[in-house]
Number of protein chains: 2
Amino acid sequence: MSIVVQKFGGSSVGSPERMRRVARRIAETADAGNKVAVVVSAMGDTTDDLIALAQQLTTRPPAREMDMLLSTGEQISISLLAMTLQEMGYAAISLTGRQAGYHTCGTYAKAKIVAMDSVRVLDELNKGNIVIVAGFQGTDKRGEINTLGRGGSDTSAVALAVALEADVCEIFTDVDGVFTADPRVVRKAWKMPEISYDEMLEMAVMGALVLQPRSVELAKQYGVKLHVRSSFNHSEGTIVKEVACMYKDLEKELVVSGVAHDMNVLKTTIFGVPDSPGVAGEIFGRLAAEKINVDMIIQSGSRDTRQDISFTTGRDERHKIERILTEIVRQLPAESYMIIDTIAKVSVIGAGMITNPGVAATTFRTLAGIGCNIDMIATSEIRISCIIDETKVTEAALALHTAFGLDAAPAIDN
Amino acid sequence: MSIVVQKFGGSSVGSPERMRRVARRIAETADAGNKVAVVVSAMGDTTDDLIALAQQLTTRPPAREMDMLLSTGEQISISLLAMTLQEMGYAAISLTGRQAGYHTCGTYAKAKIVAMDSVRVLDELNKGNIVIVAGFQGTDKRGEINTLGRGGSDTSAVALAVALEADVCEIFTDVDGVFTADPRVVRKAWKMPEISYDEMLEMAVMGALVLQPRSVELAKQYGVKLHVRSSFNHSEGTIVKEVACMYKDLEKELVVSGVAHDMNVLKTTIFGVPDSPGVAGEIFGRLAAEKINVDMIIQSGSRDTRQDISFTTGRDERHKIERILTEIVRQLPAESYMIIDTIAKVSVIGAGMITNPGVAATTFRTLAGIGCNIDMIATSEIRISCIIDETKVTEAALALHTAFGLDAAPAIDN
């Protein structure tokens, strides 16, 4: 008998209708002879509604009380989902993060899972129950409720799969799986049957947010097989596992496995920053303290004792950045700063890159071929990202998809 | 430094506006130099909304999952109230039933508190925090969430006051205190400065539901001083304590301390019930199994081997009773049943009754004097209740209030 962990996001359970559909999906998995543990998020807009309520009462919601508040969202959805399954005639039980054994580190709003005690979940599975677990939450050693922060439910699901030694952790989404590029933009994009953890990580970081990076890292660490699939149909999705080797024709192994693009890019440049030790630490420390996620950073060569620093973030950070930089420019002092939001990021990703040094050259040549200027470049072992003008991003994604031989799906060895 | 426990119901915290008003009230109590622990219910309609959500998904909501669901209501209000106090500059912390140390018996939907571990609450109070505790809930020894059932938050507050050895447990309501009769009906009714636990209990049972009977019983058992007062103004309410002795003129001690009336009365009569052992047990066992609260029961003298049984309940039980009695009449068999809802209950209450045998006679004579027929009678040591026609109830309450000398408030020794 296999153990299957399934994870459903908030929009999947956003209404009684959808809740029933999710319950049917779970029931089918149980009917197929599996032990099923399900991690579920808060229903639809519940979390946003609770945040709005708090904002009516306080301008600075304290983190502990926000965790106390927000953790109710998942508690509501697990109880309703368990009831729905019981109504359909299935034995089911809901468990809060605490009851399911999630021990967290004690940091409110963005806790890490430090240990899992799966005794209760296993016990309920062995009694024949479908176990419905609240994602996104756990309790620390003092018994305080912690939430896991953004994307926490994916991480909850993977952690549960690790603890249960589950055969697979199915992540249900509103897309069919992981594609070689965004199919809405690149018509020839195709769903990859398999992908490695590292490639998935880069995809996630790239803004193709099918899975949260933390959960992929955890899956990689413990070798948990992930199955990213649609909650709307029964087609096979994309399997994420250690080594993806799916192509019959090994000689035609793909160097690049996907092209990702992201319009949510804001570039900030600080001009005339003093070239002295600690300045970069000061700037990015301030941004980090305000929880601003910085993606790419470029420091220009110094002219005399001053230099320019550019970095990219999400566009919704604009107001915070303006406030912080106005202060920083005065304090350092720097000359001025500038924010640009008419840019986008395009990336090529592939584990094959490590052994194929020509990928960067092909990328730059391809972009040049469509008359696309590259503003910033960032690379990892298996990814190359370029900041370009946002008007060029679709053309760039299409051109790179073609250039790296992705337009024709290869024969698949299933 | 005094320890004060305060309890606010759901309507008191039903909106951000009201939440702020409650927070100010709590802050005033803290400013006066008290250590304050607050028990709060779910906001306004939250509980009803959650029940409605469950009913969209299941026809028979399982009790365990309902407790999992409904306990989120209090968790939301405690976190929001703690935030509001913090916003106002007060140190405050919210605690769930589990964190506050409520150990319950394990019965879902109507758990009893079996023990309280007040270490955490005391610790937070000693740290200078105002402690906001979720009413209505606790956890059993397996870590399962139990709710306390109807009126549970009153009981939560009293239990906390017991555990903390609080100086007073203040129950905030939308009325100014406990009155000698319903002031909307009896214009001359006045607020009693003091009342005994037993009188309060009878008042509660009578439908003058200022306080839940369970909480009064608990307060009596441990001698917790209750203060029933308004959340809308700062006037003194009614103190509930062991012996109420408030009148200067002891000779003029009131035999009857209050008149209560209740329109929510439904009378069911079963005709021709077999006069054999176990029949009453069968009937009332079935009603109890469906959680129908039966108030008065009268068994008529038997004619031959058959008799009639009448009982009263709340009017909202009508449908359930019809269904159950249709079956019972067929099974026993009995001859038929009849349900009447054009009746009401009027009661006189007073600890002084025990030593004053004339109260029943005065009651019956007074009702007769206004041409009011008595349909059923029930008595306890400190209460006499009569079922009468509903059109007569206002007149009856006024007449009894006058007959027992309640119209003029006595001089009070405060």
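The values are calculated or read from the model by the stated rules, or taken from the named source; none is laboratory data. Given the structure is predicted, the values throughout are model-derived calculations rather than measurements. Here Cβ is always computed from backbone atoms with ideal geometry, including for glycine, and neighbour counts include all displayed protein chains. Ligands, DNA and RNA are excluded from the accessible area calculation, which covers all protein heavy atoms including side chains. Shrake-Rupley method; radii C 1.70, N 1.55, O 1.52, S 1.80 Å.
Summary of computed values
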quantity	calculated
Leading residue by the ranking (modelled with the lowest pLDDT) among those in region A:233-261 that are of a type in the set (D, E, K, R) and touching a Lys or Arg at 6+ places or on another chain (Cβ under 9 Å)	A:242
Filter result for residue A:300 (surrounded by fewer than 19 Cβ atoms within 10 Å (Cβ to Cβ) and free of Cβ contacts under 8 Å to residues at least 24 places away in the same chain)	yes
Number of positions in region A:147-164 that are in contact with a Ser or Thr (Cβ under 8 Å, 6 or more places away or on another chain), among the hydrophobic types (A, V, I, L, M, F, W, C) and surrounded by fewer than 24 Cβ atoms within 10 Å (Cβ to Cβ)	2
Criterion: more than 14 Å from every other protein chain (Cβ to nearest Cβ) and either under 21 Å from residue B:22 (Cβ atoms) or not β-branched (Val, Ile, Thr) (or both) - qualifying residue of B:181, B:134	B:181
Residue satisfying all of: in region A:137-178; more than 14 Å from every other protein chain (Cβ to nearest Cβ) and in contact with a Cys (Cβ under 7 Å, 6 or more places away or on another chain); nearest to residue A:18 (Cα to Cα) among these	A:157
Residue within region A:342-357 that is basic (Lys, Arg) and surrounded by 14 or more Cβ atoms within 10 Å (Cβ to Cβ) present	yes
Residue under evaluation residue B:171, criteria (1) touching a residue at least 12 places away in the same chain (Cβ under 8 Å); (2) open to solvent by 10 Å² or more (accessible area, probe 1.4 Å); (3) more than 21 Å from residue B:75 (Cβ to Cβ), criterion not met	(2)
Entirely in region B:262-380, the strands (runs of 3 or more DSSP E) that have 3 or more residues that are at pLDDT below 85 and within 30 Å of residue B:194 (Cα to Cα)	B:376-380
Test: residue in region A:54-74 that is of a type in the set (Asp, Glu), more than 7 Å from chain B (Cβ to nearest Cβ) and open to solvent by 30 Å² or more (accessible area, probe 1.4 Å)	no
Of all residues making up region A:76-92, the number that are at the interface with chain B (Cβ under 8 Å from one of its Cβ atoms) and either open to solvent by less than 10 Å² (accessible area, probe 1.4 Å) or hydroxyl-bearing (Ser, Thr, Tyr) (or both)	6
Scope region A:171-189; condition out of contact with any helix residue (DSSP H, G or I) (no Cβ under 8 Å at 6 or more places or on another chain) and at pLDDT 90 or above; matching residues	none
Residue B:30 within 13 Å of another protein chain (Cβ to nearest Cβ), of a type in the set (Gly, Ala, Ser) and in contact with a Leu (Cβ under 9 Å, 6 or more places away or on another chain)	no
Tally, over region B:88-137, of residues that are within 16 Å of residue B:152 (Cβ to Cβ) and charged (D, E, K, R)	3
Residue count for region A:93-107, restricted to those that are within 14 Å of chain B (Cβ to nearest Cβ) and open to solvent by less than 50 Å² (accessible area, probe 1.4 Å)	9
Single match in B:187, B:214, B:229 (criterion: part of a helix (DSSP H, G or I), among the basic types (Lys, Arg) and open to solvent by 10 Å² or more (accessible area, probe 1.4 Å))	B:214
Total residues in region B:110-128, condition open to solvent by less than 60 Å² (accessible area, probe 1.4 Å) and within 19 Å of residue B:145 (Cβ to Cβ)	6
The one condition in (1) touching a residue at least 24 places away in the same chain (Cβ under 8 Å); (2) closer than 22 Å to residue A:172 by Cα; (3) not β-branched (Val, Ile, Thr) that residue A:63 fails to fulfil	(2)
Any hit, region B:29-43, residues being in contact with a helix residue (DSSP H, G or I) (Cβ under 7 Å, 6 or more places away or on another chain), open to solvent by 10 Å² or more (accessible area, probe 1.4 Å) and of a type in the set (A, V, I, L, M)	yes
Residue within region B:327-336 that is under 25 Å from the mean Cα position of the chain (by Cα), open to solvent by 10 Å² or more (accessible area, probe 1.4 Å), at negative phi and without any contact (Cβ under 8 Å) to a residue 60 or more places away in the chain present	no
